[in-house]
Ligand SMILES: [Zn+2]
């Protein structure tokens, strides 16, 4: 009898243990993104994605002032390209732009086009923190989130059918068709409005991206803690795109959990900061206006 009781107790402990482990495992919202394969299947082809990205970029240059010919451009491009080479789409033409805007913001559109606001550069305290933002934006492009948004907008009748879009892009009458489509995407705010899960997926992809590129993964936690601080103390400083992401405290917790469960020690090694970051940041923070020209189209 006593043996049976002991056996039952062992079984109960084992079941409780298994339940506990499964609950803990379920608690990691990144599990659903593990071992995902990404491709353009079901979306625009890569060729069409690049053409549409080019037209969207023209719209962006009309809406935002881009900094050009500044040391900042070379610096952001070097970091961005290093991350991109360690991403799930190393072979596409990546472009990293600096937007002259004080709000703390960054965004990605399609086909390797990534934009960072000077406001974010001024707030970031290390190169690893800045890299975590770039890694997240690269993650959106690897995850085809912009393409998903195009498809969703099309599904709800907000845009011409996907076949029509592809036709317009491929048709060769570049100007009108694709330009109009790009204009609608930007004006309607479709392109960068991602679901919360797409944001989590971009965080997940970004975290592994910065780790592969040699950065200290703790930089990502620090960046979310910084955003958390800013969202409390000066919420207006957050750009609209970053403001629509999951709460920064949740993003910090997700990152910390992932590092603890799957990437132990990566927040203790790797690049945290560089002299170049400190130098360029000093210029941005002091409000020294980098040499710039407004692009014309
Ligand atoms: Zn995002």
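Matching residues to (1) modelled with pLDDT under 95; (2) surrounded by fewer than 19 Cβ atoms within 10 Å (Cβ to Cβ); (3) more than 16 Å from residue 141 (Cβ to Cβ):
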position	(1), (2), (3)
27	yes, yes, yes
39	no, yes, no
49	yes, no, no
69	yes, yes, yes
75	no, no, yes
80	no, no, no
85	no, yes, no
88	no, yes, no
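Tallying residues that are within 13 Å of the ligand (Cβ to nearest atom), touching a helix residue (DSSP H, G or I) at 6+ places or on another chain (Cβ under 6 Å) and either in a loop (DSSP other than H, G, I, E, B) or over 21 Å from residue 70 (Cβ atoms) (or both) within the range 116-146 yields 9. Among the residues of the range 54-66, some residue qualifies, meaning at least one is surrounded by fewer than 22 Cβ atoms within 10 Å (Cβ to Cβ), assigned to a strand (DSSP E or B) and in contact (Cβ under 8 Å) with a residue 12 or more places away in the chain. Suppose the filter is under 16 Å from residue 117 (Cα atoms) and either crowded, with 16+ Cβ neighbours inside 10 Å or at pLDDT below 95 (or both); does residue 267 pass it? Criteria not met by residue 267. Residue count for the range 104-115, restricted to those that are touching a strand residue (DSSP E or B) at 6+ places or on another chain (Cβ under 8 Å) and more than 15 Å from the ligand (Cβ to nearest atom): 1. The condition of being within 16 Å of the ligand (Cβ to nearest atom), modelled with pLDDT under 95 and surrounded by fewer than 20 Cβ atoms within 10 Å (Cβ to Cβ) holds for only one of 247, 235, 295, 290, that being 247. Selection of first residues in the range 188-213 that are closer than 15 Å to residue 147 by Cα and of second residues that are in a loop (DSSP other than H, G, I, E, B) and within 12 Å of the ligand (Cβ to nearest atom), restricted to Cβ pairs under 6 Å at least 6 apart or on distinct chains, gives the following pairs, ordered by first then second residue: 191/109; 199/245; 199/246; 201/143. If only residues of the range 191-213 that are away from the ligand (no atom under 12 Å from the Cβ) and surrounded by fewer than 24 Cβ atoms within 10 Å (Cβ to Cβ) are counted, the one that is farthest from residue 32 (Cα to Cα) is 213.
Screening residue 227 against (1) under 15 Å from residue 105 (Cβ atoms); (2) crowded, with 20+ Cβ neighbours inside 10 Å; (3) away from the ligand (no atom under 15 Å from the Cβ) leaves a single unmet condition, (3). Of the residues that make up the range 93-102, is at least one within 14 Å of the ligand (Cβ to nearest atom), at pLDDT 95 or above, closer than 21 Å to residue 179 by Cβ and crowded, with 17+ Cβ neighbours inside 10 Å? Looking through the range 93-102, none of the residues is within 14 Å of the ligand (Cβ to nearest atom), at pLDDT 95 or above, closer than 21 Å to residue 179 by Cβ and crowded, with 17+ Cβ neighbours inside 10 Å.
Within the range 88-115, residues that are in contact (Cβ under 8 Å) with a residue 12 or more places away in the chain and under 11 Å from residue 66 (Cβ atoms) sit with their Cβ atoms under 9 Å from residues that are part of a loop (DSSP other than H, G, I, E, B) and within 15 Å of the ligand (Cβ to nearest atom), at 6+ positions apart or across chains, in these pairs: 99/105; 101/239; 115/105; 115/109.
The values are calculated or read from the model by the stated rules, or taken from the named source; none is laboratory data. Everything numeric in this text was worked out from a predicted model, so none of it was measured. Positions of Cβ are backbone-derived with ideal geometry, glycine not excepted, and every protein chain shown enters the neighbour counts.
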